[in-house]
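Working notes for the structure below.
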Amino acid sequence: MPAQQPARSETGFRIIPRLAVSDVDAAARLMAEAFGFASESGGAGSALRVRRANQVIELTGNGNGSRQAGAIHHLALVADDVPAMAAHHRGQGRLEGSMPAAGFVHAPQMWGNGVDYTFIDGPDGAIIEYCRGRDVFPVPRDLAEGAHDHIGVMTADIAASIRFYRDLGFEVIAEVSVPDVAGPTEVAFVDRGAYSIELFSPAGIRKDGMPAVTAPLWSGLILSGASDLRAGTLTGPGGERITIA
C-alpha cells in the first residue's frame, strides 16, 4: 500500500470519538481498568472524557436506549503484541465474538507486510480494536501501546466518503481491496495530522446499503483544533455524525 500525498502536520488537531453508553461512570471505570484510560477534562454537561496517550474518548449517556454498531464501527489502538493482547482479553471474557479461534486476524494485504488485529468488547459491546503493522506515517505519531491508530468508518460508497473527508482536510494515504468470500472489501486510509480514519466498504454493504441504525454506540466524531473548518455538525456518507469544534 504505497503512500500518496504527505499529510499535513498540525499542532492541536485531534479526533475524539463519542461513545454513547448506558452508564457513563461504569464505562469510565471499564476504560480505566481494562484499557488503561484515565480521566480527562473537557466533556460537556454530563459527558466524561477519558484519555490514553493521544486518544481521547467522550463518554455520553444514551438515555438507557438500545445501542448497536453503526457507521463508526470501531476505535483502533496500537498494540505491541496483538496475539498477547487478544489472549489477555479472552481471559477476561472481552474478546469480540467475530474473532477466530486464534483470537486475532492477520491481514496480509495491509501496509506491505500485513497487519495483525483483534476486536475487543468495550463498554456496552462497543468494538475496540488493537492492531500493529502499519509502516506508512507521513506525520510522526505516538506508537506507544494504547495510542491512536485509526477509527473505522463503514460506508456503502467509498468514493463519496473519500470526497467528504478530503473536504474536511484529510488526505488519502493508501487504498486497498481486501478479498472476502462475499466479494472484496474496499478500504481507504485518510489522515489528517497524526490521526487516521479507515474507510471500509464491504461487498454486502455496497449491494444492500448501510443498515438503518438510529442509536449507534460510537455516536459521532469530534474534530478538535481544525482552525480551517467552520464549527458545526455534518453527516457523512455512511450516516456518521461529525462535530467540528
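Just to verify a result, which residue in segment 141-158, among those that are under 24 Å from Gly236 (Cα atoms) and assigned to a loop (DSSP other than H, G, I, E, B), is nearest to the chain's Cα centre (by Cα)? Quick ask: steps written out before the conclusion?
Step one: filter segment 141-158 for residues under 24 Å from Gly236 (Cα atoms), giving 148-158.
Okay, now just the ones that are also assigned to a loop (DSSP other than H, G, I, E, B), so 155-157.
Values: Thr155: 13, Ala156: 17, Asp157: 18 Å.
Out of the qualifying residues, it is Thr155.
Restricting attention to segment 98-112, the residues that are among the aliphatic types (A, V, I, L, M), under 20 Å from His150 (Cβ atoms) and part of a loop (DSSP other than H, G, I, E, B) total 2.
Determine if segment 133-140 includes at least one residue that is modelled with pLDDT under 95 and either over 25 Å from Val82 (Cα atoms) or assigned to a strand (DSSP E or B) (or both).
Within segment 133-140, not a single residue is modelled with pLDDT under 95 and either over 25 Å from Val82 (Cα atoms) or assigned to a strand (DSSP E or B) (or both).
For a quick check of your reading of the model, give me the residue pairs whose first member lies in segment 11-23 and is in contact (Cβ under 8 Å) with a residue 40 or more places away in the chain, whose second is assigned to a loop (DSSP other than H, G, I, E, B) and of a type in the set (D, E, K, R), with beta-carbon atoms closer than 9 Å and at least 6 apart or on different chains. Short answer, once both residue conditions are applied: Ala20/Arg67; Val21/Arg67; Ser22/Arg67.
Here is a yes/no grid of residues against (1) in contact with a helix residue (DSSP H, G or I) (Cβ under 8 Å, 6 or more places away or on another chain); (2) modelled with pLDDT of 95 or more:
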residue: Thr155; (1), (2): yes, yes
residue: Phe170; (1), (2): no, yes
residue: Val176; (1), (2): no, no
residue: Val190; (1), (2): yes, yes
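Of all residues in segment 120-170, those that are closer than 30 Å to Gly93 by Cβ and aliphatic (A, V, I, L, M) total 10. Of the set (1) over 15 Å from Ala188 (Cα atoms); (2) in contact (Cβ under 8 Å) with a residue 24 or more places away in the chain, all apply to Gly93 but (2).
Being touching a residue at least 40 places away in the same chain (Cβ under 8 Å), on the phi > 0 side of the Ramachandran plot and surrounded by 15 or more Cβ atoms within 10 Å (Cβ to Cβ) narrows it down to one of Gly209, Gly152, Gly169, Gly238, so name that one.
Residue meeting the stated conditions: Gly169.
Is it the case that segment 117-130 has a residue that's charged (D, E, K, R), in contact (Cβ under 8 Å) with a residue 24 or more places away in the chain and over 22 Å from Gly239 (Cα atoms)? Steps first, answer last, please.
Just the residues of segment 117-130 that are charged (D, E, K, R), to begin with: 121, 124, 129.
Remaining after also requiring in contact (Cβ under 8 Å) with a residue 24 or more places away in the chain: 121, 124, 129.
If we keep only those that are over 22 Å from Gly239 (Cα atoms) as well, we get 121.
Checked against the condition, which is being charged (D, E, K, R), in contact (Cβ under 8 Å) with a residue 24 or more places away in the chain and over 22 Å from Gly239 (Cα atoms), segment 117-130 yields at least one hit.
Whether any residue in segment 129-142 is surrounded by fewer than 22 Cβ atoms within 10 Å (Cβ to Cβ) and in contact with a Cys (Cβ under 8 Å, 6 or more places away or on another chain) is what I want to check. No, there is no match, as no residue in segment 129-142 is surrounded by fewer than 22 Cβ atoms within 10 Å (Cβ to Cβ) and in contact with a Cys (Cβ under 8 Å, 6 or more places away or on another chain).
Only residues that are under 18 Å from Pro138 (Cα atoms), among the aromatic types (Phe, Trp, Tyr) and in contact with a Ser or Thr (Cβ under 9 Å, 6 or more places away or on another chain) were counted across segment 173-204, and they come to 1. Give the residue that is nearest to Gly169 (Cα to Cα), with candidates limited to residues of segment 212-235 that are touching a residue at least 24 places away in the same chain (Cβ under 8 Å) and β-branched (Val, Ile, Thr). By that ranking, first place goes to Ile222.
Being touching a helix residue (DSSP H, G or I) at 6+ places or on another chain (Cβ under 8 Å), outside any strand (DSSP E or B) and under 26 Å from Arg14 (Cβ atoms) is true for just one of Asp80, Asp124, Asp180. Which residue is that? Before you say what the answer is, go through the steps one by one.
Values: Asp80 fails: touching a helix residue (DSSP H, G or I) at 6+ places or on another chain (Cβ under 8 Å); Asp180 fails: under 26 Å from Arg14 (Cβ atoms).
The match here is Asp124.
The values are calculated or read from the model by the stated rules, or taken from the named source; none is laboratory data. Predicted, not measured: the structure shown is a model, and the values here were computed from it. Here the Cβ is made from the backbone with ideal geometry for all residues, glycine too, and neighbour counts use every protein chain on show.
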